[in-house]
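Q: Have a look at this one.
The values are calculated or read from the model by the stated rules, or taken from the named source; none is laboratory data. Remember, predicted model here, so these are calculated numbers, not experimental data. FYI the Cβ positions are ideal-geometry reconstructions off the backbone, even for glycines, and counts take in every protein chain you see. Just so you know, the surface numbers come from the protein's heavy atoms only, side chains and all, with ligands and any DNA or RNA stripped out. Shrake-Rupley method; radii C 1.70, N 1.55, O 1.52, S 1.80 Å.
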Amino acid sequence: MLDKFLDYGYDSIECDIELPKPIINEYDGIRVVRDDLLDGGTKRRAFTKYVASRPDVKEFVYASPRQGYAQLSLSYACRDLDRKCTVTVPKGQKTWLTIESERLGCNIIQVPMGYLSNIQAKAKKYCEENEAHLIPFGGDHPIIIDAMRDAALSLEIEPPKEVWTVMSSGVLSRGLQKAWPDAKVYGVQIGHNTTEEEMGRAETFRSKYTFQQECKKDERPPFPSSLTYDSKAWTFIKEKATEGALFWNVGK
């Protein structure tokens, strides 16, 4: 497993996959980055760079919550770069994310008693037994954070004064913080208890929903957004964001 604090020469990574740039639409005075329009969402961009950075690795492994979007993002990245993908998830009814990941060729391992610690232990053991590479939880690695930064800079807009994201591992938020160092950054926490280090300089709010819960219909944004993830930020944005603020919508 890679030490997430080492420098792996991000700027020298060669990658033949070019994904479309994010686009922005405006809703109720809020500029929304519509990465729900990209199959696999925002982390597909980051995982593509990460997988490309390790040409020596044949198989990438990730431990995913049942509703975690990263399983689908990694499945697309591995399919595009012709690598094997394996994801451990809690045993039980599969979400559409897991079903779609399987369709893309991902090897899904269902883990009984699927607490996060259990699915992570299973993923680690699988890597040891199969000479595979375990991606840090949440994609918390400098290459992935810098890929988020570069996705933001590819928008070619004036630096926003205010930026909003949903926050679990805080990876996207920290990437946007690097892209726009003078912006006021807010994060809506769900699931994972984000540490101060993971938050960076973001000011945070806590969603009333658990990670597995979908937000109520009347609280959802007027665009496709993950019901267990990004959608949970919209009520905070409507109440607290200033006009012209930017919200990064990770997936659908």
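Q: Take every Cα-Cα distance within the stretch 133-252, group them into 5 Å bins from 0 onward, and report for each bin the whole-number percent of pairs it holds.
A: All Cα pairs, binned at 5 Å, distribute as 2, 12, 22, 24, 22, 12, 5, 1, 0 percent.
Q: Then there is this: With a 1.4 Å probe and all protein chains left in place, how much accessible area per residue does the chain have, in Å²? Kindly include the intermediate steps, with their values, before the conclusion.
A: Numbers: 12030 Å² over 252 residues.
That works out to 48 Å² per residue.
Q: Given the pairs 43/94; 58/232; 58/161; 91/178; 122/161, which span a C-alpha to C-alpha distance of over 32 angstrom in this model? Spell out each step's value before the answer.
A: Working: 43/94 20 Å; 58/232 36 Å; 58/161 42 Å; 91/178 37 Å; 122/161 42 Å.
With Cα atoms farther than 32 Å apart: 58/232; 58/161; 91/178; 122/161.
Q: Among [x] 64, 42, 36; [y] 74, 43, 30; [z] 52, 41, 32, find the value of Cα extents along the principal axes in Å that was calculated from the structure presented, and write down its label.
A: After the calculation, the listed value that fits is [z].
Q: Which shape class, rounded, prolate or oblate, goes with the stretch 71-136 when its Cα gyration tensor gives a ≥ b ≥ c as root eigenvalues, a/c under 1.5 marks rounded, and past that a/b bigger than b/c marks prolate?
A: Numbers: a/c = 2.23, a/b = 1.14, b/c = 1.95.
Cα axes put the stretch 71-136 in the oblate bin.
Q: Right, another one. Only Lys, Arg, Asp and Glu count, each charged at its Cβ (+1, +1, -1, -1), so figure out the dipole size of the chain about its Cα centre, rounded to 20 debye.
A: Rounded to the nearest 20 debye, it is 900 debye.
Q: Okay, helix-only estimate at 222 nm for the chain: each DSSP H run of n ≥ 4 adds -39500 (n - 2.57), divide by all residues, round to 500 deg cm²/dmol; what do you get? Intermediate values should be presented prior to the final figure.
A: Numbers: 8 runs with 77 residues, N = 252.
The helix-only estimate for the chain comes to -9000 deg cm²/dmol at 222 nm.
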